[in-house]
Amino acid sequence: MLNKLAIILSLFLFSCSSYLIQAEEIIPEELYCGSSKGQFLKNDKSYITAKSKKFKEKLSKIDSNFINKDYNLIVISGPKPTGGFLLKLKNINKKKDTLHINFIDIKPVNSSKVSMAITYPYCALKIQDLDKFKIFINFI
Amino acid sequence: MKNLIKIFAILSLTLLLSACGSGGGGGGGAGGGAANYTVPACTDSGNSTIRDAEYYGMSNGSTHALARICAGAAYERGATGSGIDVAVIDTGVALYGSGNNVHLDFGENNDSLPSSKIVTPSGSDYINSDNIPNDDDGHGTTVAGIIAADNDNQANSPIITDGMHGVAYDAKLYIFKAGDSNGSFTNAAIASSMQAAISGGVDIINNSYGGSTEIGVDCNDASSCESTIGSNVYTQMEAAGAAGIINVWAAGNDSQSNPSAEAGAALYDTDFQNLSIAVVAIGTDGKIASYSNKCGIVAAYCVAAPGSSIYSTWYFANGYHTENSGTSFAAPMVSGALAVVKHEFSSLTNAQVVNRLLTTALDTDEYSQSSIYGHGLINLSSATAAISSLKTISGSNSLDDTDANYFDLANNSFSSSASFSNALSNALVDQTMEVYDSFDRANFKINVNSFFSLGSYISQNTVENHMARLEPKTKEKVKHKNLYGNFTTEVDGNYVQSSMFQSTGDFLALGFNQSTNSFENAVDPLSGFFNDSNFGNNYLVNPYFHAGTGQDYFMSFNGNSNFGIDTFTNANGNDLGLAFNLNPLSSTNGDAKYAGDLQIVLGTNYEQNKFLNSSSTGAFVTGDMSNTNFTGVKYKRNLGNDFTFVGSGFAGYTYIDKVSNSYIDKSTPLLTSSFTLGLAKANFISKDQRIGFFINQPQRVEDGSLNLRVPTSSDRDRTVTYSNLNVDLEPDARQINFDIIFQKAVTKTSNLNANLTHVQNGDHSNSSNSQNFISLFYKKTF
């Protein structure tokens, strides 16, 4: 009976250690978050990677200066009804071959005044070896 | 159990339907429009230069944006926002770090500011507390472009493939930065910006921002709205109202039934009620955009404009443009439209500009739903056109003066004599004046000559008129004689056409539509040469007695043909003429065969509300007693061998009776002249033939001018400025008529006539083509 318990406990600890190893938090090499009014993002999904043919075009439309950067991921939250919305990176967790990229959707405070434009908060990131991972984007 | 399931199912379905119904419009479709409403369209105009690629650039080539508000029609009238200053309180505009211009749609690259397009007042960046309100968000640049991106035909430029221009592309932009790189604004920055805009004397302030509040919900009176909005901002809203400055507000993007507190605050505060507009956005389908707040309880101060998929300037270098949506972009459409209307009508106060744009909005069908669209969709075609009847003003330089005289355009006229119509025509080329819309006294330009009909001597010289003269006359001439004298009456059916009584001894003559002058009657056999052409019959008569209206009365007193008095009245025109005739030579004395008749005429003529037979009405009216003093000489001599010479010449000075407040202002006396020379021969080749040659100059102004004093401009203080247009009335040429007339008596009751007429410089105009008439006709009296 004790042996059985010892085996189960060992397996549990092993699995926990395995989990802790897989949930490594990584830091993006480049990160910029902002809010775009341009509707060129309105038909896009929540993220675009550098693999996409439209990646460079989208990047340059968000900000022409981005074309000189090495971003390889654009994450988009929207549309939002007004200005004042922001996207903030919480963390990036690497689990084996997956990346869980977690963002915080920040709303304007109730008493604030904001531009009355449909906006698309975004973050542009450079993550090492991005194309080796499956990507999961979470908005909190 | 089954019943319980049924009830549950019904309740579930009801709840489901209810939930669906409360969802509001999604996507770009209608949020509240009833299914049966159609989307109406205004009627745009403008040629391909006006409605070019940049015109359609704001809507990516479709007929949205500028085409939907019919801006082309306003541009066609010349209304482009020139001279109008629009403040943009936003996130700034694309600038270099030096503060110079970046975007090619706001001038040249690296233009130093202020320029003719952009002004960045000192301290205008209230976010970073500096003088360079650079846009780090893009929103402000886009809003500024919708208002006034210039029309520089760069749509096809190699570096700009998606060019556009703003609604009021000639307006000037005053840039204030009150929003940060995230589109968030602070009350302090807004209040400072608005205060600076007011100090700068702008006409319109665009506010494409707001809180997530709802008028009538978050505040319901001026006091609570001040608290909701923020007292520092609210104070400046009131200050703008006091300064007469228009505030345009985006209604908000929360799909609410009412605008935000800022956009709707005018509902509760008369301090800026007539100078504040809330703007809801319509989508590309023409219906309220799903995101847009509706006009709701602010309908009276609310209007709709395109706000979805609007292409405008973006904040990167080299003229980049992008597509945006939101009431943020509907508001600048309205700000630009107000600038266009204000440019078109300098006479309107800002409150009247607002009222005009609201009143003329398209409000039928879909846009008849005032709870959604307020006054409807703005329509620049209607806003820049007359709303009510146009009128002239006289008697005041204030448009709001109740004592001013206003006349409908149709009740203003000036019908000029041909004696100076050529000079008038030349002087009035490209001369414009103002007339005013009865609705709000909006000023419209109109050509001065549109009120003038120019008299013509040659207009009667048509083939049709010549043919008409050849038609048999139905008039019947009756002559009889009694103890007192001779009566001659010409009747046409039951109507007396002309009549004349001459007393025994010719002492007294009374005539109706017929000259009683002894000379003219004496040469009547000679005038019989003429056919019935107008100039022929008028060659010898006094040109200052303007006969021919159909109710002319003549009376003459003659002293044995040595002295006579002619009087003339014209019942229609209330003319009164008096002429003294001296006859020092008369064929009744001496040898009649070679005697000459000389008559010297001195006279005066008074005309009521006209001069030289030129009548006028309304603002062009002249007085009751315009007066012409004239003199004339008539001479007839038998030269022997059946030759007869006839000559006459008249000259006169006309003094125009001025009426106070008339556009016919001061004038100098008008010197006029006319003459006729004629030579005729009877028994030409054979006894039954005669021939005559006549030269005639119709009445012509030789010297003199009049001053037209017409309204030419008006300003927002409602003050009219009149300008003087001095018109030299001497024509640029002299009309001479040459007539050769041949007559052959075929029988006692019939004759053959040939008439050759050459008219040189017709209507005293050197640009008039010569006219030649040849007529040949046979006349038989039954």
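The values are calculated or read from the model by the stated rules, or taken from the named source; none is laboratory data. These figures come from a predicted structure and were not determined experimentally. Reconstructed Cβ throughout: ideal geometry from the backbone, glycine too, with neighbour counts over all protein chains shown. The protein model used for the area step is the full one, side chains on, heavy atoms only, and it has no ligands, DNA or RNA in it. Shrake-Rupley method; radii C 1.70, N 1.55, O 1.52, S 1.80 Å.
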### Query
Is the shape of region B:274-371 rounded, prolate or oblate, going by the alpha carbon gyration tensor and its root eigenvalues a ≥ b ≥ c, with a/c under 1.5 for rounded and a/b larger than b/c for prolate?
oblate
#### Entry: For the protein assembly as shown, share of DSSP beta bridges that run antiparallel, in % to the nearest 5
85 percent
### Summary
For chain B, the helices passing both cut-offs (Cα extent along own axis of 24 Å or more, Kyte-Doolittle mean at least 0.0, full DSSP H runs) are B:2-21, B:327-344
### Task
May I ask you to list the residues of region B:707-734 whose amide nitrogen lies under 19 Å from a point 7 Å from Cα along the Cα→beta-carbon direction of B:Asp403?
B:718-722
### Query
Do any trypsin sites (Lys or Arg not before Pro) in region B:639-721 lie in a loop, going by DSSP, with at most 11 other beta-carbon atoms within 10 Å of their beta carbon, and if so which?
B:Lys687
### Query
Once you charge only the Cβ atoms, +1 for Lys and Arg and -1 for Asp and Glu, what is the size of the charge dipole of region B:38-92 about its Cα centre, to the nearest 20 debye?
180 debye
### Whether region A:58-140 is rounded, prolate or oblate, judged on the alpha carbon gyration tensor where a/c under 1.5 counts as rounded
oblate
### Message
Using only the heavy atoms of the protein chains and a 1.4 Å probe, how would B:Ser45, B:Ser98 rank by accessible area, largest first?
### Response
B:Ser98, B:Ser45
### CD proxy at 222 nm, helix term only [per DSSP H run n ≥ 4: -39500 (n - 2.57); per residue of chain B; nearest 500]
-5000 deg cm²/dmol
### Query
In square nanometres, what is the average projected area of the Cα convex hull of the protein assembly as shown?
62.1 nm²
### Query
How would B:Ile774, B:Ile204, A:Ile140 line up by accessible area, probe 1.4 Å, largest first?
B:Ile774, A:Ile140, B:Ile204
### Task
Report the calculated FRET efficiency for B:Ser116 and B:Thr359 (r = Cβ-Cβ distance, R0 = 30 Å), to the nearest 0.05.
0.40
### Which of B:Ile147, B:Leu409, A:Gly78, positive extreme of dipole for the protein assembly as shown (C-beta unit charges)
A:Gly78
### Summary
Quick calc, region B:157-245, dipole around Cα centre from Cβ unit charges on Lys, Arg (+) and Asp, Glu (-), nearest 20 debye, gives 300 debye
### Query
When only Cα pairs under 8 Å and 6 or more residues apart are kept, what is the percent relative contact order across region B:331-414?
20 percent
### Relative contact order (percent, whole number), chain B, Cα cutoff 8 Å, 6+ residue spacing
9 percent
### Summary
So, relative contact order of region B:646-730 in percent, Cα under 8 Å, 6 or more apart, is 27 percent
### Summary
For region B:741-782 the trypsin sites (Lys or Arg not before Pro) that pass both the DSSP coil test and the at-most-11 other-Cβ-within-10 Å test are B:Lys748
### Query
In the neighborhood of B:Gly123, defined by Cβ-to-Cβ distances under 11 Å, what is the net charge if each Lys or Arg adds +1 and each Asp or Glu adds -1?
-1
### Share of Cα-Cα pairs in chain B lying beyond 37 Å, as whole percent
57 percent
### Summary
Dipole check, the protein assembly as shown, charges on Cβ (K,R +1; D,E -1), about Cα centroid: among B:Ser667, A:Asn68, B:Ser765 the Cα furthest to the positive pole belongs to A:Asn68
### Query
Under Stokes-Einstein, with the Kirkwood radius over Cα pairs standing in for Rh, what whole-number D in µm²/s applies to region B:145-245 at 4 °C and 1.567 mPa s?
82 µm²/s
### Query
Which distance in nm do the two modelled labels at B:Lys477 and B:Ser770 give, with both placed 7 Å along the Cα-to-Cβ direction?
3.5 nm
### Message
If I model a spin label as a point 7 Å beyond the Cα along the Cα-Cβ vector, how far apart are those points for A:Asn138 and B:Val429 in nm?
### Response
8.4 nm
## Note on the structure
Expressed as a percent, the accessible surface of chain B that is carbon or sulfur, using a 1.4 Å probe and the full set of protein chains, is 52 percent
#### Entry: Chain pair A, B: total accessible area buried, heavy atoms, 1.4 Å probe, Å²
2200 Å²
